[in-house]
Amino acid sequence: MLTHTSQSPDVRRPRPRAPGSPREVYDMGIYGQDWASYQSSNPDTSGLSFVFVKITEGLGYVNPKWVAQRDHAKAHGLVWGGYHYPHMANDARREADYFLRQVAWRPGDIVVLDWEGYDDANAGVPKSRQVAYRDAWLAYVKDRMPDNPVGMYCNLDYWLHVDQTSNYGDFLWIATAGRPAGRPGIQAPWLFHQYSESGGMDHDYCHLASRDALRAWALSFRPAPPTPPAPRYTEDHVLAYFTVPASTAFDLPVEPAGTAAAPQGGARNGPLWLCLAPQGGDARITLTFHHEDGSWDSPAQSSTLTVAGSKLVQALPAGAVVDKIRIQSTAPLVGYITGRQVA
């Protein structure tokens, strides 16, 4: 990437700053580089937290090293971004598609337009056209890549003298020459600062405090996971009818009962109820619960039911993994199990 020096102050009205975006930052951030085919496939990553790699230029060039450079950066745990260098006489969408289809983009990857035009392909393109290209490219790529940060690199000359609207998408990566890291000298809320080209390498700075903070920011563009629907019950169902003879220990097998939040059994049972009514005479009834682990509860206190119309409705213990109910009655009974399943 090219950088140009300008001592002119940025006097335009700044856009609202993103949370934590500084006016000037000195030594609290992290460092990175940007690589192209001029660098090796596996540059030294010592002291780096992030790397940007050139992927495409115009409609006909792909950096032959970009895959190896990306994989090398990610293998060393760096936050990674890829950028496109435009030929702004071309259609912005065609170039964006050419760029995007080179990469199997992953959550947390950073997408960049390298917006500058000093080379032969761009020098004759009117500045108004260059601005229109920038705006169209950023809008189209963001529409295609809503879950990744999509932003812009430019140098101080382009920021001060070509840009008209301060449109940089999700973030600004500003390049200066002769300014210390973290002091680009602009009012706009920047995230990355290319501050040096020493040693044949572009050196960059990010004002976030750590690699983890940058990664968290890059991942924050993913949509929040959908809220699962609240559990709901289906309609009440009568699950079984049965008769209980008098003066007999009648063991009734049952499915375990649950709740909306914790359904039980293969049928996803919610609450279950045992309903009993006497036949031919009043009855005294005793219930005892048996559990899947083989244990029995103590018999419950007996209840008296009358033929005149009383009915026993007993809720099965939720989550107690009751698999059998022993029913003992002094008179014959008719009964049924009813309950709700969780949808």
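The values are calculated or read from the model by the stated rules, or taken from the named source; none is laboratory data. What you are looking at is a predicted structure, and each value in this text was computed from that prediction instead of being measured. Quick reminder, even Gly has a Cβ in these numbers, built from the backbone with ideal geometry, and neighbours come from all protein chains shown. Surface areas here come from the heavy atoms of the whole protein model, side chains and all, with no ligands, DNA or RNA. Shrake-Rupley method; radii C 1.70, N 1.55, O 1.52, S 1.80 Å.
Key figures for this structure:
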read-out	value
Sole residue being at pLDDT below 90, loosely packed, with under 14 Cβ neighbours inside 10 Å and more than 42 Å from the chain's Cα centre (by Cα), chosen from 299, 229	299
Which numbered condition residue 319 misses (of (1) open to solvent by less than 70 Å² (accessible area, probe 1.4 Å); (2) over 18 Å from residue 263 (Cα atoms); (3) out of contact with any Lys or Arg (no Cβ under 8 Å at 6 or more places or on another chain))	(2)
Close pairs (6 angstrom Cβ cut-off, 6 or more residues apart or separate chains): closer than 9 Å to residue 149 by Cα in segment 217-233, surrounded by 10 or more Cβ atoms within 10 Å (Cβ to Cβ) and polar (S, T, N, Q) anywhere	221/148
Any hit, segment 242-254, residues being open to solvent by 80 Å² or more (accessible area, probe 1.4 Å), on the phi > 0 side of the Ramachandran plot and in a loop (DSSP other than H, G, I, E, B)	yes
Any hit, segment 151-159, residues being surrounded by fewer than 18 Cβ atoms within 10 Å (Cβ to Cβ) and touching a residue at least 12 places away in the same chain (Cβ under 8 Å)	no
Yes/no for residue 117 being open to solvent by less than 10 Å² (accessible area, probe 1.4 Å), assigned to a loop (DSSP other than H, G, I, E, B) and touching a residue at least 12 places away in the same chain (Cβ under 8 Å)	yes
Scope segment 217-226; condition out of contact with any strand residue (DSSP E or B) (no Cβ under 6 Å at 6 or more places or on another chain) and either surrounded by 13 or more Cβ atoms within 10 Å (Cβ to Cβ) or β-branched (Val, Ile, Thr) (or both); matching residues	217, 219, 221
